[in-house]
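Remarks on the structure that follows.
Each value in this text was obtained by applying a stated rule to the coordinates, not by laboratory testing. Note that the structure is a prediction, hence the values are computed from the model and not measured. All Cβ positions, even for glycine, are placed from backbone atoms using ideal geometry, and neighbour counts span all protein chains on display.
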Amino acid sequence: MRIPDYPSAESHKWSQVDSYFSGLLAPEDDVLKVSLAENAKAGMPAHDVSASQGKMLALFIAMTGASRVLEIGTLGGYSTIWMARALPDSGRVVTIEANERHAAVAISNIERAGLGNSVDVHVGTALDVLPNIARDMDKPFDLIFIDADKPNNPNYLQWSLKLSRPGTVIIADNVVRGGAVADPDSEDANVLGVREFLAMVAENPDLDATAIQTVGEKGWDGFSLIRVK
Ligand code: DHB
Ligand code: MG
């Protein structure tokens, strides 16, 4: 399922306000603009975070002092660039992309951004790659951004918990599913993945969480923000 567009009178206002906010507070430089253009040229879905959302991820990193960041779902590396730019000098983003073509574009975007030394792109299915990351990891991640195939969100949560410490922040993108997330009868695999993920979060006494709906240039969506206690 793709997040539907809402061709309401409001949706273009959401985009206008988004571009006003991001123009002021999260302006895109040429590196970010070219990355989006390269992603589009490669035929990727426009599932990148918005500039304001990228800035939000960067702020979360700065606010928590995160230096070890895990991203599940690189796509073309747009969010990766926002996050890597927010790291301290010694920081690293480890990011996983299942689609080889998308990963190649991401690597080139990240290199163009001058961030090749602070980002590790792992090409492969996250469920194949995560055990290797766990094996090679010397310290847990400080912040984890889950933004890949939604049916696997419950698995990604389990892996995130294995790779976390108390205080780790976990952010999951795209939890609204066009409103279907609130439908207990939905049979959509993406909705089921998000709902099971949220149920697991809710019943885990070691996690504290919220979920926030958003509107903007990406339409109606939202994210879940989780803290490991
Ligand atoms: C979808 C996935 C994303 O990661 C995103 O940012 C937007 C939409 C989707 O599967 O529809
Ligand atoms: Mg997303």
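Data overview
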item: Listed residue (Asn153, Ser164, Val181) projecting farthest to the positive dipole end of the stretch 112-189, Cβ model; result: Ser164
item: Listed residue pairs exceeding 30 Å between alpha carbons, taken from Lys33/Lys162; Lys13/Lys162; Lys139/Lys218; Lys13/Lys229; Lys33/Lys139; Lys41/Lys218; result: Lys33/Lys162; Lys13/Lys162; Lys139/Lys218; Lys13/Lys229; Lys33/Lys139
item: Dipole magnitude (debye, nearest 20) for the chain, charges at Cβ of Lys, Arg, Asp, Glu; result: 440 debye
item: Residue order, fewest to most surrounding Cβ atoms within 10 angstrom, among Asp48, Asp29; result: Asp29, Asp48
item: Gain on full stretching of the segment that runs from Ser19 to Asp138 - 0.36 nm per residue minus C-alpha separation; result: 38.8 nm
item: Long-range HN-HN contacts of Glu71 with modeled amide H, under 5 Å; result: Val94, Thr95, Ile96, Phe145
item: Exposure proxy order (Cβ contacts within 10 Å, fewest to most) of Met44, Met137; result: Met137, Met44
item: Relative contact order of the stretch 102-229, defined on C-alpha pairs under 8 angstrom at six or more residues apart (%); result: 23 percent
item: The chain, helix-only ellipticity at 222 nm - DSSP H runs n ≥ 4, -39,500 (n - 2.57), divided by all residues, nearest 500; result: -13500 deg cm²/dmol
item: Hz values of 3J(HN,Hα) by residue in the stretch 114-125 - Karplus curve (6.51, -1.76, 1.60), Gly and Pro given as x; result: x, 10, x, 7, 10, 10, 10, 9, 9, 9, x, 5
item: Cβ charges +1 (Lys, Arg) and -1 (Asp, Glu), total dipole of the stretch 55-120, debye; result: 180 debye
item: Percent RCO, i.e. relative contact order, over the chain, from Cα pairs under 8 Å lying at least 6 residues apart; result: 20 percent
item: Estimated FRET transfer efficiency when R0 is 41 angstrom, pair Ala211-Asp30 (beta carbons, to 0.05); result: 0.75
item: For the chain, Kirkwood radius (reciprocal of mean inverse C-alpha pair distance, Å); result: 17.8 Å
